[in-house]
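A quick write-up on the structure given underneath.
Quick note: the coordinates plus some simple rules give every number you see, no bench work behind them. From a predicted model like this one, the values you see are computed outputs, not experimental measurements. Cβ coordinates were reconstructed from backbone atoms using ideal geometry, including for glycine residues, and neighbour counts include every protein chain displayed.
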Amino acid sequence: MTSHVKPAEGYNGLTTLEKTLPSHFYFDADHYARELRSIWSHNWIYLCRSADLEGPRSYRTFTIGTQNLVVLRDETGVLRAFHNTCRHRGSVLCRQAQGRLKSDLLTCPYHAWSYALNGELKRTPTLSPIEGFDRADYPLYPVALKEWRGLLFVNLAGDEAASSGPVADRGSDRLDNWPLEDLVSGHVYEKTVRCNWKVFWENFSECLHCPGIHPELCDVVPIYGRLITGERDDPNFAAHADSDDPALKGGLRRGAQTWSMDGLVHGATIPGLSEAERHAGHSYVTSLPSVFIVAHVDYVRVVRVRPLGPELTELHAEWLFPADTLEHRDFDLENVTSFPTLVLDQDAEACEMNQQGLHSRAHAHGVLMAEEHYIKQFYDWYWAALGAYEAG
Ligand code: FES
Ligand SMILES: [Fe+2]
């Protein structure tokens, strides 16, 4: 037996034994279908930025699990989301990933039922009217849509559930000082990772893997090299109260300003950030299960997570910059994009490695270490989200 010093009050780490989720939750097709019906259909799911739907009559289609949606902007600029399904006999309406409608009607490619951009059914080509048929009864199926800080989220649960609850679950005010809506997209990274979507979030939630998987990141964020993400993950944190060593307190290594290859800012620094925000070097907001946003002093990264199958997950990361930065001739985009890309690639590989091992019939479940308290938080959210909508 090992003896442990009782951690000081305020310690974040786990002190009791917690199991991981059962292994089959990460590959079983029936369980995956259950998650799509519950979790992915009853939470706000991030799609894209509202700036991606530029101008009247622009549209984009998205798939969440088995559900296909169309988001469109009407002639007056209002954004709406609908199931991408015709009310006649259920044909898909928009077959492209994105585009611009030629008129202010959305016309089904099958038998040409036409809908106004607010979803009302306007035209139903037929030679003879049917008694009892009223177009007003057949608008497009609406999907709740919410814009938060220039980011678009949908909720497949319908209006009632959708109208309540914030889109970002943890500390969304952390980004108040970043002009998120005004930033401009400068780079996109996309990768299909052979892992279950929960494997991604678990890996995101801990830094036990950081020294082994992310040596370069540990150099920029020294506390990550100590297996933890914040000073209170150290049971002995009270002893370092007066230290300003980033390895003990968090923040970037001395001399580093941001997450870039050389640790330096290469474009405009975002004005109006607090001293603490500049010092921290990164501020995170998460909206489970579909997105996390990390804001640095010079840019913001939005990372979307989308399940493509029980063992397939799409990552889509977008770098957002002040417009000045991208217009500047000498801006070194590569320096800023290559560093997080390296980290994302390393994480993707780790997730695939984790996924492979989970198939062992001997491994019914695993166990969490003290530093994995954010995984425990993720499980608490997960069980609540899974159970709350069983009827659905
Ligand atoms: S299915 Fe759309 S018009 Fe017939
Ligand atoms: Fe990682």
Averaging sequence separations of C-alpha pairs under 8 Å and six or more residues apart, then dividing by the length of region 45-156, give the relative contact order as a whole percent.
28
Could you run the Karplus curve 6.51 cos²θ - 1.76 cosθ + 1.60 with θ = phi - 60° over region 304-316 and give me ³J(HN,Hα) per residue in whole Hz, x for Gly and Pro?
9, 10, 9, x, 9, x, x, 10, 9, 9, 9, 9, 9
Amide H within-cut-off set for SER91, under 5 Å, with H built and near neighbours excluded
CYS86
Amide H partners (placed H, <5 Å) of LYS122, local residues excluded:
SER114, TYR115, ALA116
Would you compute, from DSSP H runs of 4+ residues alone, the mean residue ellipticity of the chain at 222 nm, taking -39500 (n - 2.57) per run and dividing by the full residue count, rounded to the nearest 500?
-6000 deg cm²/dmol
5 angstrom amide H check on CYS195, placed H, neighbours 5+ away:
LEU312, THR313
The local net charge around VAL193, scoring Lys/Arg +1 and Asp/Glu -1 for residues other than VAL193 whose Cβ lies under 15 Å from its Cβ, equals -3
Provide the packing ranking of 381-387, 142-148, i.e. peptides ordered by the mean count of other C-beta atoms within 10 Å per residue, highest first.
142-148, 381-387
Rank-order 223-230, 15-22 by packing density, defined as the average count of other C-beta atoms within 10 Å over each peptide's residues, highest first.
223-230, 15-22
Value of Rg to Rh for region 236-289 (Rh from inverse mean 1/r over Cα pairs, i.e. Kirkwood):
1.04
No Cys partner within the rule (Cβ under 4.7 Å), the chain:
CYS48, CYS94, CYS218
Within the chain, which complete DSSP H helices have Cα atoms spanning at least 30 Å along the helix axis and a mean Kyte-Doolittle hydropathy of -0.5 or higher?
333-357
In whole Hz, the Karplus estimates of ³J(HN,Hα) for region 56-62 (6.51, -1.76, 1.60; θ = phi - 60°; x where Gly or Pro) are x, 6, 7, 9, 9, 10, 9
Can you tell which of GLY263, LEU183, GLY281 lies farthest toward the positive end of the dipole of region 176-283, using +1 and -1 charges on the Cβ of basic and acidic side chains (Lys, Arg; Asp, Glu)?
GLY263
From the backbone phi of region 243-254, what are the Karplus-calculated ³J(HN,Hα) couplings (6.51 cos²θ - 1.76 cosθ + 1.60, θ = phi - 60°) in whole Hz, Gly and Pro given as x?
7, 10, 6, x, 5, 9, 9, x, x, 7, 4, 4
Which whole-angstrom value gives the distance between the alpha carbon centres of region 297-368 and region 91-119?
34
Reduced to Cα centres, the span from region 247-261 to region 26-50 in Å works out to 35
Relative packing of peptides 90-103, 197-210 - highest average C-beta neighbours within 10 Å first:
197-210, 90-103
Computed on Cα atoms only, the convex hull of the chain has an orientation-averaged projected area in nm² of 23.2
State, as an integer percentage, the relative contact order of the chain based on alpha-carbon contacts under 8 Å between residues 6 or more apart.
23
